[in-house]
There are 2 protein chains.
Amino acid sequence: MPHLLLKDLPRYECLLEAAKEFPDLDPSAAEAFLHLLRTGDEAFGVTERHFAAHHISQGRFGVLMLLWRGAQPRMGAAAADGIGCGPRTPAELAEAAGVTRATMTGLIDTLERDGFVRREPDPSDRRMLLVQLTAKADKFLRGFMPGHFRSVAAVMDTLGEGERKTLVRLLVKIQRQVSALKAGDPSAESSAAR
Amino acid sequence: MPHLLLKDLPRYECLLEAAKEFPDLDPSAAEAFLHLLRTGDEAFGVTERHFAAHHISQGRFGVLMLLWRGAQPRMGAAAADGIGCGPRTPAELAEAAGVTRATMTGLIDTLERDGFVRREPDPSDRRMLLVQLTAKADKFLRGFMPGHFRSVAAVMDTLGEGERKTLVRLLVKIQRQVSALKAGDPSAESSAAR
DNA sequence: GGCTGACCGTTAGCTTCCTAATCATTCCCG
DNA sequence: CGGGAATGATTAGGAAGCTAACGGTCAGCC
């Protein structure tokens, strides 16, 4: 499990009580927020057990997925020139994965040590490397993915199609709000601050 | 931000395409799952920037909250004997926070180094320590919390009361499903496996 | 009264993330 | 064409999580 999170979320009545002391505390917002983090963490934990059983971590899996997606032969228009074939260099991988290049160096290190990727020099720019999936990685992923998909499906099995759509809609709304906050959009501030 | 997560989620059509190759892949489940993890991470990131501005981490904040909650004088029934006054020893804190005792040792180390807590021997059991919040921590929290609550409220500001209730309901449903999966409940398996 | 087992906190060593600094290479501009 | 500026990968060091193993302390049972 990734981060320290209170195991027992404060009950709603406690939030109401605390809001008396802190006018900035919005009880229903806090409740939704805590449940969001908590549930994300729990769901993550389910897949992590499957990861651990195959001796791979979330971070390394993400890199493999990125490379795998890029390695799929493209049927579409821009197939020949390799445009859009996914990230290949450590810097591109770091960008796509949302980690720093230093972190990506470490991930590629262990992936290479375990024989899942190869570093090869870029023939056209000697600053760069090209990261290649090995056959071993391909074989590993083909064995690993079905179980992973079943884990994901098991977690969401409790929701019907309509509920899933509703959930995604609400989550996307929150994502947009977070993006607006990051961009410093003043209209995205809490209404309590207006 | 906590963990490596694909910045660009695969589009739904890509999931549909991939499902042709992997029968275990449930596209709507995968979509909801990815959005859940991604949104939790994004929301977490918003508060984390506020944490970083005050030179504190999520983990240390959690410990302070636990101690603070425990330090509040109880108005209720069981006030006199100290029952229910919250965790005090490192082991209790670790249990409540959902981390190992070893991790809690490290957290208390840095918290003590920074003057937020004190370790004191338990007079009745020499194996144990009692962790005490300092006045500095109390002052810090009183200054920190309002901004934290505003961050949380800002993230959720985009949802109305009804949407928040719906979101919490769906999240709680997922949490229950995860608990059932952890307990090995066979009826909680994916319907695809039945 | 003294073992034995259980529990407490800590230590040691691993992983994966981060930032900051370093070094090689390429690009651009005068 | 020569010299910054920008870009790419790496290294070093730190934080926060984990497991495993340790020594100190208590408690229960012969």
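The values are calculated or read from the model by the stated rules, or taken from the named source; none is laboratory data. Since the structure is predicted, the reported quantities are computational estimates derived from the model, not experimental observations. Cβ: placed from backbone, ideal geometry, glycine included. Neighbour counts: every protein chain shown. For the accessible areas, the whole protein counts, side chains as well, though only heavy atoms, and no ligand, DNA or RNA atoms are used. Shrake-Rupley method; radii C 1.70, N 1.55, O 1.52, S 1.80 Å.
Worth a mention:
- Proximity of backbone amide H atoms, modeled 1.01 Å from N, is registered between B:LEU129 and B:ASP122 at under 5 Å, excluding neighbours fewer than 5 places apart on the same chain.
- Neighbourhood charge, 12 Å Cβ-Cβ cut-off, centred on A:GLN132 and excluding it, Lys, Arg +1 and Asp, Glu -1: 0
- Flagged links, alpha-carbon separation over 24 Å, of A:LYS173/B:LYS182; A:LYS173/B:LYS20; A:LYS20/B:LYS139: A:LYS173/B:LYS182; A:LYS173/B:LYS20
- Between amide H atoms placed 1.01 Å from N, distances below 5 Å from A:THR134 occur with A:VAL117, A:ARG118, all of them 5 or more places distant or on a separate chain.
- Only protein heavy atoms count here, probed at 1.4 Å, and on that basis chains B and A bury about 7600 Å² of accessible area in total.
- Summing charges over all other residues whose Cβ lies under 15 Å from the Cβ of A:GLU163, with Lys and Arg as +1 and Asp and Glu as -1, gives +2.
- Peptide B:62-69 is shielded by partner chain Cβ atoms: per residue, an average of 2 of them sit within 10 Å of its Cβ.
- Cβ nearest the rotation axis (A onto B), residue from chain A and distance to the nearest whole Å: A:GLY40, 1
- B:ASP122 accessible area, 1.4 Å probe, all protein chains in place, Å² to nearest 10: 20 Å²
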